[in-house]
1. What about VAL43, is it over 23 Å from GLU18 (Cα atoms) and aliphatic (A, V, I, L, M)?
2. If the Cβ limit is 7 Å and pairs must be 6+ apart or interchain, which residue in the stretch 119-137 that is surrounded by fewer than 11 Cβ atoms within 10 Å (Cβ to Cβ) pairs with which residue that is at pLDDT below 90?
3. Please work out if ALA88 is under 21 Å from ASN147 (Cβ atoms), more than 15 Å from the chain's Cα centre (by Cα) and surrounded by fewer than 18 Cβ atoms within 10 Å (Cβ to Cβ).
4. Just give me the residues in the stretch 41-62 being within 27 Å of LEU119 (Cβ to Cβ), over 14 Å from the mean Cα position of the chain (by Cα) and either part of a helix (DSSP H, G or I) or of a type in the set (A, V, I, L, M) (or both), in sequence order.
5. What are the residues in the stretch 69-124 that are polar (S, T, N, Q) and under 16 Å from VAL43 (Cα atoms), if any?
6. Is it fair to say GLY99 is within 27 Å of SER131 (Cβ to Cβ), modelled with pLDDT of 90 or more and outside any strand (DSSP E or B)?
Amino acid sequence: MIKHQGGCHCGKVRFQAEADPWMVFQCNCMRCRRLLGTVGVFVIFDDSANIQFSGVTSEYVAKGESGLPVRHYFCPVCGAMIHVEADAYNMGGAGIVLGAFDDPHQFEPEWENYIELKLNWLRDNGCIKKSFEGQAGDEQLEWVMENYFAEDK
């Protein structure tokens, strides 16, 4: 059963997922801003979501903070970024850009990173539970493990 779906601006690339996301987070880094034209909010699905993509995408690969590749997938027609895959997380799923969902209002970020780069006009509506400086540090990893890998989550 399809629970979530979306696609690019022109409709040439589409996706559907059969499960709810694992987590939703906001990235305030400069790379996301330059790639998306705004703050990055990513809806993360693990491989159990059985995400299906249709249409052809273009791929841009860049080295992430971990030193490992991060693959960004765009529609080659309209240029909209659809999703990312990061080798550092190796979870078999995908981080889908919030704006690519047909109904983006159903998701709110639960945590954020790179708060030192956060735009000063951007306000939290109360959904952010934890904020981190930079990318992946020990504190962030520990918090994510406790909150997203707990048996009862």
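The values are calculated or read from the model by the stated rules, or taken from the named source; none is laboratory data. In this text the structure is predicted, and so the values were computed from the model without any measurement. In this analysis, Cβ positions are derived from the backbone assuming ideal geometry, glycine residues included, and neighbour counts consider all displayed protein chains.
1. Numbers: over 23 Å from GLU18 (Cα atoms): no; aliphatic (A, V, I, L, M): yes.
So VAL43 does not fit the description; no.
2. Sorted first by the residue in the stretch 119-137, then by its partner, the pairs are LEU119/VAL39.
3. Numbers: under 21 Å from ASN147 (Cβ atoms): yes; more than 15 Å from the chain's Cα centre (by Cα): no; surrounded by fewer than 18 Cβ atoms within 10 Å (Cβ to Cβ): yes.
No; evaluated as a whole, the condition is false for this residue.
4. In the first step, residues of the stretch 41-62 are kept if they are within 27 Å of LEU119 (Cβ to Cβ); the result is 41-45, 60-62.
Now narrow it down to the ones that are over 14 Å from the mean Cα position of the chain (by Cα): 60-62.
Listed by number, the residues that qualify are VAL61, ALA62.
5. Of all residues in the stretch 69-124, those polar (S, T, N, Q) come to 90, 106, 113, 120.
Matches in the stretch 69-124: ASN90, GLN106, ASN113.
6. Numbers: within 27 Å of SER131 (Cβ to Cβ): yes; modelled with pLDDT of 90 or more: yes; outside any strand (DSSP E or B): yes.
Yes; evaluated as a whole, the condition is true for this residue.
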